[in-house]
Amino acid sequence: MSVTVPDASAAPRRLALPEFVAMLAFLFATVAFSLDAMLPALPDIAAQLTPDNVNRAQLILTAFMAGMGIGTLFAGPISDAMGRKPAIFLGTGIYIAATIAAIFSQSIEFLLAARFLQGLGASAPRIVGMALIRDLYAGREMARISSFVMMVFIMIPALAPSIGAGIIAFSGWHGVFVAFILFALIGASWLGLRQPETLPPTERRPLRLGPLTAAAREVLANGQVMLCTLVLTLGFGQMFALLSSAQQLFGETYGKGDNFPAWFALMAILSGAGTLLNATFVMRFGMRRIAKWAYVMQTVVSAVMLALTLTDALPASLRFPAFFFWAVSVFFMAGVTFGNLNALALQRMGHIAGMAASIIAALSTIAATLIAAPVGLLYNGTPVPAMTATLICSALAWALMGRLRD
């Protein structure tokens, strides 16, 4: 009796596109859920763990992002060596262990350390998921698939503050971390049961210093990749800056604290139109052109809003609607640009997709945290710090986009 041995070098099998998009969106949303579900908990955490300086509660978000930035340095190379699925499972294990530690936090310092480790683990689903997409798709097709993933992904953070608020009302802020564990287990189980491995053993790269250094050098020496990374940094920086101050802006500045989860959900859903538009038009107009005009739009909108805010030109009845429109535009810009920029950066890096995704994400996330953290701490009861940061970042991104090629 003969036995047929599968060809390990054969092209990876693909799930049906709708399930593939939904699964990747769920994995990516580990990061968004871990950030957005925490927003309603910040006042309670501040009152309990850091009552003398409530702005320190924002560091719960930036500590997670810093851990994620460090984790991305390792997640991609590990996935290049051991496969995409094992790397995601490893990261999920670290995430769950850190979440259990956070549940028992009794000080802001311990909670920040647990959140840092959470981010470290959460980097794997996000970064390795991007490499997994690159294993199967490239160029504008990758940008289109990434946009579909982002469109579904938007729905989870849209609901996350409402979910977080409901859990807090029932069990306090510690209960939010139990939801994080369940979320991570669902995503890992879906991947394990349904998604075939996309990186055959014959194409894996060993975790040895020589090959790792050569791959890293190739990524860092590519001017287009580094330009994309810098633009992504500016995009993430302005989005994280707004996110860090969102609960205070909606609650303290505009008096919408009781309905913050609903307003946040509406903002996320409206901004999700950006991913739909990008998926629809990227094949026709190209990744670079669409991203460039998104930053043009954001620069103009932020300049107008900053001028109106500084001069008190708006009547009181229009201040919140104008702020809300501006906040939607920031997240809309993210939906239009991030998938395109990642696709542009990775389109010539398919042979080292894990390493490239890691370096791009690590540099952009860590640098974006350095932008967002001081902006959040500069919160002064107005949206001026966040608007100023967005204007500067978008204008710089617009200028840099002129040097990119499709």
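The values are calculated or read from the model by the stated rules, or taken from the named source; none is laboratory data. These figures come from a predicted structure and were not determined experimentally. So basically every Cβ, Gly included, is an ideal-geometry build from the backbone, and we count neighbours across all protein chains shown. Remember, those area values only see protein heavy atoms, side chains included, never the ligands or the DNA or RNA. Shrake-Rupley method; radii C 1.70, N 1.55, O 1.52, S 1.80 Å.
So the values come out like this:
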{"quantity": "Boolean, A75 is modelled with pLDDT of 95 or more, assigned to a helix (DSSP H, G or I), under 21 Å from the mean Cα position of the chain (by Cα) and crowded, with 23+ Cβ neighbours inside 10 Å", "calculated": "no"}
{"quantity": "Conditions (1) of a type in the set (A, V, I, L, M); (2) under 21 Å from the mean Cα position of the chain (by Cα); (3) open to solvent by less than 10 Å² (accessible area, probe 1.4 Å); number of the one not met by I352", "calculated": "(2)"}
{"quantity": "Residue match in the stretch 189-204 (condition: hydrophobic (A, V, I, L, M, F, W, C), surrounded by fewer than 23 Cβ atoms within 10 Å (Cβ to Cβ), in contact with a Phe, Trp or Tyr (Cβ under 7 Å, 6 or more places away or on another chain) and more than 30 Å from P383 (Cα to Cα))", "calculated": "yes"}
{"quantity": "Boolean, L193 is under 28 Å from L17 (Cβ atoms) and hydrophobic (A, V, I, L, M, F, W, C)", "calculated": "yes"}
{"quantity": "Meets criteria (at pLDDT below 80, closer than 24 Å to A75 by Cβ and open to solvent by 10 Å² or more (accessible area, probe 1.4 Å)) for F148", "calculated": "yes"}
{"quantity": "Residues within the stretch 242-294 that are open to solvent by less than 10 Å² (accessible area, probe 1.4 Å) and free of Cβ contacts under 8 Å to residues at least 40 places away in the same chain, tallied", "calculated": "1"}
{"quantity": "Within the stretch 314-330, tally of residues that are without any contact (Cβ under 8 Å) to a residue 60 or more places away in the chain and either farther than 19 Å from G381 by Cβ or open to solvent by 60 Å² or more (accessible area, probe 1.4 Å) (or both)", "calculated": "7"}
{"quantity": "Residues satisfying the stated conditions in the stretch 355-406, i.e. farther than 28 Å from Q224 by Cα, open to solvent by less than 10 Å² (accessible area, probe 1.4 Å) and assigned to a helix (DSSP H, G or I)", "calculated": "G376, A386, M387"}
{"quantity": "Which numbered condition F110 misses (of (1) within 24 Å of F332 (Cα to Cα); (2) without any contact (Cβ under 8 Å) to a residue 24 or more places away in the chain; (3) among the aromatic types (F, W, Y))", "calculated": "(1)"}
